[in-house]
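Below: one structure, written as structure tokens.
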Amino acid sequence: RERREREEETEGERSLAEASWRVRRFIFRPNLDRVSQGIVLALVGFSLTLTARMTDFWVSTAKYYCEICKCWITGNQANIQRHNQSERHLQQQQRNIIEMRKRERDRQNEARQVQSELAQIEKAARAAAADDARFFGGGGSGGAGAGGGDSGVPPGAGVVVSA
């Protein structure tokens, strides 16, 4: 009988030690799966039952993406200001301004070139239309017997002159 009582006592101490270890482990190093699912942890030898439920969702710290440098930095205001005043950022900003000016200059040069090519094409078209009008005898009354005969060009389909 004494032996049995000693075994129960030792078993009780063991279960108490194990239960306290489980409590410490659960509280200080929670298994996130158990915490998020809200599984009830029942401790043997105690009348204590712990229920752990996740109350707040994990939120990452805010990040800030610098469009000029193409990099991510932490989103607090001090780091953003420090980054914006850094030498690397300012150099990249100057480089971007120079590239934007160059692209604008190239775009304007291309637009001027297209306009000059269109002007040359229109000038050549007017000259060709004038030659056709002279050659086919257009510009008169446009009747069938009024000039150069039947040229194959319908009357009124001749010269288009832009102002």
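Each reported figure results from applying straightforward, stated rules to the coordinates on display, with no laboratory input. From a predicted model like this one, the values you see are computed outputs, not experimental measurements. Heads up, the Cβs are rebuilt from the backbone with ideal geometry, glycines too, and the neighbour counts pull from every protein chain shown.
How charged is the neighbourhood of residue 66? Take every other residue with its Cβ under 15 Å from the Cβ of residue 66, and add Lys/Arg as +1 and Asp/Glu as -1. Once all neighbours under 15 Å are counted, the net charge is +3. Residues whose amide H lies under 5 Å from that of residue 71, counting only those 5 or more places away or on a different chain, are 66; hydrogens are built 1.01 Å from N in the peptide plane. The residues packed around residue 104, meaning those with a beta-carbon under 14 Å from its beta-carbon, carry a net charge of +3 if Lys and Arg are +1 and Asp and Glu are -1. A simple spin-label model places the labels of residue 127 and residue 101 4.0 nm from each other, with each point 7 Å out along Cα-to-Cβ.
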